[in-house]
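The values are calculated or read from the model by the stated rules, or taken from the named source; none is laboratory data. What you are looking at is a predicted structure, and each value in this text was computed from that prediction instead of being measured. Here the Cβ positions follow ideal geometry from the backbone for every residue, glycine too, while neighbour counts run over all protein chains shown.
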Amino acid sequence: MTTNQAQAHEHVHNTRNGSLHAHAAEHTPRMQLAKLAPEVYKAVVALEIASKKGLDPALVELVKIRASQLNHCAFCLDMHTKDAIAAGESVERIVLLGAWEESRHFYTERELAAIELTEAVTVLTDGFVPDEVYEKAAKHFEEAELAQLIAVIATINVWNRFGVTTRMVPGHYTPGQYKL
C-alpha cells in the first residue's frame, strides 16, 4: 500500500443494528526500517530465530503478546495474536492475558512464571528484575530454557521498539507471513 493509499484508506464495519460506520483513517509508517537498515534487520531476525529454539511455541507467543501489550506495539499485537490463534491458542486466553493476575486459572504455573518474568524484563523503569520473579521462573525452566526465555523477551522488546518508533501499521499481517 502506498502512502497515499494508506492515507485515504478507511475501514468500514457493520454494527449490530446493521448500519455502517467508517473507522479512523489508517496512519502511515514513518520509515521502512528493514529497507533502510537491512543488516540490523537481518541481525534481529537471526536473534529471533536463535532465541526461541527449544521453547514451546505457544509459550513464546504468550510472552510476545504480553510484552507487546506492555509496550503498546499494535503491529506486534496484530502479528502475534494472529499467529497464536493460527497455532491453536484460545481467544479467551489471549484476551485475558492483559489481566493475567486476575485470570491465573487460565494459565499453567510455568506460563505464569514466564508472563511475570516478561513483565519484569519489559518494564525496567520499575527497577531491576526482582529476585523472587527470577527465582520463580528458575523453578519452572531449566537454566538453558530460562536463558532462551530471557532472549525471547529481549528480542520481542527490540521488535516492539522498532514497531512503535517507526509506526508500523497493524492489520495487514497474515499468520505465518514471516517464516522465521
Problem set entry | Set Ser103, Ser90, Ser68: member being hydroxyl-bearing (Ser, Thr, Tyr) and either surrounded by 17 or more Cβ atoms within 10 Å (Cβ to Cβ) or under 15 Å from Thr155 (Cα atoms) (or both) | Ser68
Exercise. Give me the pairs: first residue in the stretch 117-142 and in the same structural domain as Asp56 (by TED's automatic domain parsing) and over 19 Å from Ser68 (Cβ atoms), second residue in a helix (DSSP H, G or I) and of a type outside the set (A, V, I, L, M, F, W, C), beta-carbon distance under 7 Å, and six or more apart or on different chains, which are they?
Worked result: Val133/Glu116; Lys136/Glu116; His140/Glu109; His140/Arg110
Exercise. Out of curiosity, is Gly176 in a loop (DSSP other than H, G, I, E, B) and either within 12 Å of the chain's Cα centre (by Cα) or among the small types (Gly, Ala, Ser) (or both)?
Worked result: yes
For this session: Could you list, in sequence order, all residues of the stretch 130-165 that are among the β-branched types (Val, Ile, Thr) and crowded, with 18+ Cβ neighbours inside 10 Å?
Result: Ile150, Val152, Ile153, Thr155, Ile156
For this session: Go through Glu61, Glu39 for me and flag whichever is surrounded by fewer than 13 Cβ atoms within 10 Å (Cβ to Cβ), of a type outside the set (Val, Ile, Thr) and either part of a helix (DSSP H, G or I) or out of contact with any strand residue (DSSP E or B) (no Cβ under 7 Å at 6 or more places or on another chain) (or both).
Result: Glu39
